[in-house]
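Single-structure report; data block below.
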Amino acid sequence: QERDALFRKEHNIHVSGNTVPSPLIDFAELSSRYGCKAKLLRNLADLGIKQPTPIQRQAIPILLSGRECFACAPTGSGKTLAFVCPMLMKLKPASKDGVGAVILCPTRELASQTIRECKKFAEGSKFCIKLMTKQLIRKADLSKFSCDILVSTPLRLKLAIRKKKVQYLVLDESDKLFELGLLKQIDCIVKACSNPSIVRSLFSATLPDFVEELARTIMHDAVRVIIRRKNT
Ligand code: ADP
Ligand code: MG
């Protein structure tokens, strides 16, 4: 406990919540602590990703423990890998049983950026990672639609795909998501993703009070993680 506290201080990680899982010392711990497959670690190494960033050190163990996470860390600090890594470790690849994880992004541009990142991390695996596009919406029977990770804007997701199997729901750039007045749509999606063991998380670069308040309405026992820039 004390060692965790020291380590967090060293990396500017501020946490609050019940029994917060220990932060990651390095990526190798993903295999020793959580049985991560060698393939994912090799992909990270190939991408030049050697050490976890502070948000990754803390958010990954939280999500792997099945805890809700409310995370705030600067732009460019690797938030995407922080929420995608647990999905790639826990979801069964190429599942034909609905959608495994949903990542909501405020704009189409951010959604396509996120999907590019996801695909890099999942390179060479069987994971099916899809962007919600107009073409996909036009597909005849979306109720049978399956993929492992679905990236979408809230507007596009308001349709009859099976959402009961969703195990991870991420609201990325949640400050912008809420600012864009997408509250109703988001609320709809949160309710539709009704898997009782769903792991919800919010990620953003800033933490206005209204985001914190909204977070509380959809999360119950979340761990709050704040990463401050050094020397500020
Ligand atoms: P954020 O969402 O916090 O703004 P991103 O997830 O888009 O940041 O990541 C920014 C860049 O950093 C991406 O190109 C990503 O591949 C890279 N990156 C992520 N994690 C690491 C890491 N641990 N070490 C080095 N680079 C990383
Ligand atoms: Mg991001």
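Please treat every number below as a calculation from the coordinates, not as lab data. Only a predicted model underlies this, so the values are computations on that prediction, with no experimental measurement involved. Note that we place each Cβ from the backbone using ideal geometry, even for glycine, and neighbour counts take in every protein chain shown.
For the reader, a short list of remarks on this structure follows.
- The label point for Ser112 and the one for Leu41, both projected 7 Å from the Cα toward the Cβ, are 3.6 nm apart.
- Taking GluC sites (Glu not before Pro) across region 92-176, the ones in a DSSP loop with at most 16 further Cβ atoms lying within 10 angstrom of their Cβ are Glu123.
- The chain: angle of helix 54-64 to the longest principal axis, Cα-based, in degrees nearest 10: 60
- Applying both filters, DSSP loop and at most 14 other Cβ atoms within 10 Å, to the trypsin sites (Lys or Arg not before Pro) of region 1-102 gives Lys37, Lys50, Lys96.
- Spatially proximal aspartates and glutamates relative to Lys191 (Cα-Cα < 18 Å; intrachain offsets below 8 disregarded): Glu68, Asp172, Glu213, Asp221
- Rounded to whole numbers, the Karplus 3J(HN,Hα) couplings from phi for region 194-205 are 9, 4, x, 9, 5, 10, 9, 8, 10, 10, 7, 9 Hz, using 6.51 cos²θ - 1.76 cosθ + 1.60 with θ = phi - 60°, and x at Gly and Pro.
- Ile25-Asp209 FRET efficiency (beta carbon distance; Förster radius 30 Å; 0.05 resolution): 0.35
- One compactness figure for the chain is 0.97, namely its Cα radius of gyration divided by 2.2 N^0.38 Å.
- Positive end of the dipole of region 122-232 (Cβ unit charges, origin at the Cα centre): among Ser152, Asn195, Thr133, the Cα lying farthest that way belongs to Thr133.
- If only the Cβ of Lys and Arg carry +1 and only the Cβ of Asp and Glu carry -1, the dipole of region 9-159 around its Cα centre is close to 560 debye.
- Amide hydrogen proximity for Leu24: with H placed 1.01 Å from N in the peptide plane, the residues at 5 or more positions away or on another chain lying under 5 Å are Gln58.
- Degrees between helix 183-192 axis and first principal axis of the chain (Cα, 0 to 90, nearest 10): 90
- Subtracting the Cα-Cα distance of Leu6 and Lys184 from their residue separation scaled by 0.36 nm leaves 60.0 nm.
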